[in-house]
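Single-structure report; data block below.
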Amino acid sequence: MKAPKKCKDSFVTMTELVLPNDTNGLNNLMGGRLMHWMDIAAAIAGQRHSNRIVVTASVDNISFSHPIEIGNTVTLKAFVTRAFSTSMEVYIEVIAENIPANKKVKTNSAFFTFVAVDQTGRPISIPEVEPETDFERELYDGALRRRQLRLVLAKRMKPSEAKELKSIFDMED
């Protein structure tokens, strides 16, 4: 068994500048470009955690709460929140910054799931995560519920098997 790793061991900060080629007809960052950047940042976090090649297994809901304008910088922060046998959940937060106006706004956050693979593409075991901060513990504690929900929605787990979700959906009179 591999020694657990801390969330900070996988932490990634990536900054991009929104250029004309990244924008739509309203001069705002295209959603697909942002998702591409998010996938890269999250994959690097997964590689740092597992010391392996990682492949994207799933992406949770990404909501676009604020437009990101041409000329803004986009900072993506990502880290592994929890690891299972071969898969891991990565949290990503996106901050847009208008440097001349000295304004920053959190525009997005999401969870990506990656699987660590060997050189032939077969899943391989990875270390567990050891959260340290309250925020890391909160994300760690919720990761099993989010994982079970993803598996149920993908029809890879029966709802009756999702023990962590029962408390959410079982209503008492």
Pairs, first among the aromatic types (Phe, Trp, Tyr) in region 1-22, second in a strand (DSSP E or B), C-beta under 7 Å, six or more apart: Phe11/Phe79
Among (1) under 15 Å from Glu89 (Cβ atoms); (2) surrounded by fewer than 17 Cβ atoms within 10 Å (Cβ to Cβ), the one test that Phe112 misses: (2)
Ser85 crowded, with 16+ Cβ neighbours inside 10 Å and of a type outside the set (Phe, Trp, Tyr): no
Residue under evaluation Ser58, criteria (1) farther than 25 Å from Gln119 by Cβ; (2) polar (S, T, N, Q); (3) at pLDDT below 95, criterion not met: (1)
Residue, surrounded by the most Cβ atoms within 10 Å (Cβ to Cβ), within region 123-154, restricted to residues that are in contact with a helix residue (DSSP H, G or I) (Cβ under 6 Å, 6 or more places away or on another chain) and part of a loop (DSSP other than H, G, I, E, B): Ile126
Criterion (more than 28 Å from Asp118 (Cα to Cα) and modelled with pLDDT of 95 or more) met by exactly one of Val18, Val12: Val18
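The values are calculated or read from the model by the stated rules, or taken from the named source; none is laboratory data. Since the structure is predicted, the reported quantities are computational estimates derived from the model, not experimental observations. Glycine also receives a Cβ, built like all others from the backbone with ideal geometry; neighbour counts cover every protein chain displayed.
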